[in-house]
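Okay, so here's the structure we're looking at.
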Amino acid sequence: MHDVEALVTRVVDGDTFVCTVYGHILDLEFDLPNQYIRIIGIDTPELEKETYLAGMKAKERLEDLILNKKVRLHSEGKRSFHRILAKVYMEDERNVADVLIKEGLGVPYEG
């Protein structure tokens, strides 16, 4: 699959966000709003009672990194719970999952 660019419009939790995907294939331009993306390679704490504070910390950091910013998505063509699974790269080409793992806000996840 081709990499595509996206503008992040909302962060759901530490490893899921909503964006508008845009780009072109051949002569066709496209904008796909409200696409849910699950970041490949990381699992962050859920926003549930037992893990709420850690989950909010991961969510807030993800907001700092990508909210209202352009990202590059590299999808492996899989979907999970109506979300696109993708590796996510910031404008400086850092992998979002790697940053969050390095900062202790999530753990590597290959599931």
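If you count Lys pairs in the range 4-109 whose Cα atoms are under 25 Å apart, skipping same-chain pairs closer than 8 places in sequence, the total is 20. Between the alpha-carbon centres of the range 84-107 and the range 10-49 there is a gap of 13 Å.
The local environment of L73, defined by Cβ-Cβ distances under 9 Å, has a net charge of 0 under the rule Lys, Arg +1 and Asp, Glu -1. 3J(HN,Hα) along the range 86-95, derived from phi through the Karplus expression 6.51 cos²θ - 1.76 cosθ + 1.60 where θ = phi - 60°, amounts to 8, 7, 10, 10, 6, 4, 8, 6, 6, 7 Hz, with x in place of Gly and Pro. Couplings 3J(HN,Hα) of the range 39-49, computed from phi: 6, 6, x, 8, 10, 10, x, 6, 8, 10, 3 Hz, in residue order, whole Hz [Karplus 6.51 cos²θ - 1.76 cosθ + 1.60, θ = phi - 60°; x for Gly and Pro]. In the chain, excluding the sites themselves, the longest stretch lacking any of the GluC sites (Glu not before Pro) that are in a DSSP loop with at most 11 other Cβ atoms within 10 Å is 1-47.
Quick note: the coordinates plus some simple rules give every number you see, no bench work behind them. On a predicted model such as this, the values are computed, not experimentally measured, just so you know. Note that each Cβ is placed from the backbone with ideal geometry, even for glycine, and that neighbours are counted across all protein chains shown.
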